[in-house]
Amino acid sequence: MSVLWVGMIVISLICGLLTGNGEAVGAAAVSGAAQGVELCLSMAGLLCLWTGVMEVMRRCGLADQLSRLLRPLLRRLFPAFAGDKEVMDAVSTNISANLLGLGNAATPLGLEASRLMARRTPGVASDGLCMFVVCNTASIQLIPTTVAGLRSAAGCTTPFDILPAVWLASTLSIITGVTAVKLFSRLFPCAPAPRLQPSLRVGKAR
């Protein structure tokens, strides 16, 4: 991402100089930086409010209860990992955090779940890992805090009136994504991930 951003900045500067708009590019950069700071400050209040609400929900156990409710469905979506408690716990916690709008908490959980899944097929994205990436990307959000914060910063007086549209769009996207993964996994099958066997501890004979 850093390379992309630096590349975009360099290209814009070069184009501005070649077209004789160097001063306009510099002025736009200064004003854009100021607007970015104003946007962050205007969003901070709403984001802090809902982050606090989500933290209360997490501490009272609502997030854990939602995670347990999701496990039967997730076992069907990830049959190769259904017997791996460590993976399923990470996946269910990540998806439940996304549902509750806990984006900052969902990111490290998603990385941990991906790392655990990748242990079985190093260097190859298994069907289960592809399914998890789709579910994590197109996750349904019950409370889209970030989008509401952006709308509030833009002057919207009812930032959460988009909830029905967000729920409908995210539901359609997750259905489409899961269907696509299932379809392509049948069209282009790969070697199934080996199921983990319970470890046996052998004690030393005395």
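Quick notes on this structure:
- Accessible area, probe 1.4 Å, largest first, for residues 175, 140: 175, 140
- Phi-derived couplings, Karplus 6.51 cos²θ - 1.76 cosθ + 1.60 at θ = phi - 60°, listed residue by residue for region 90-97: 5, 5, 5, 5, 4, 5, 5, 5 Hz, with x used for Gly and Pro.
- Overall shape of region 75-152 was characterised from the C-alpha gyration tensor. The equivalent ellipsoid obtained from it has semi-axes of 25, 12, 11 Å, in decreasing order.
- In Hz, Karplus ³J(HN,Hα) per residue of region 133-148 (6.51, -1.76, 1.60; θ = phi - 60°; x = Gly, Pro): 4, 5, 5, 6, 6, 9, 5, 6, 10, 5, 10, x, 4, 5, 5, 5
- Carbon/sulfur fraction of accessible area - region 124-178, other protein chains in place, 1.4 Å, %: 74 percent
The values are calculated or read from the model by the stated rules, or taken from the named source; none is laboratory data. Just so it is clear, the model here is predicted, and its values are computed rather than measured. Heavy atoms of the whole protein, side chains included, go into the accessibility calculation; ligands, DNA and RNA do not. Shrake-Rupley method; radii C 1.70, N 1.55, O 1.52, S 1.80 Å.
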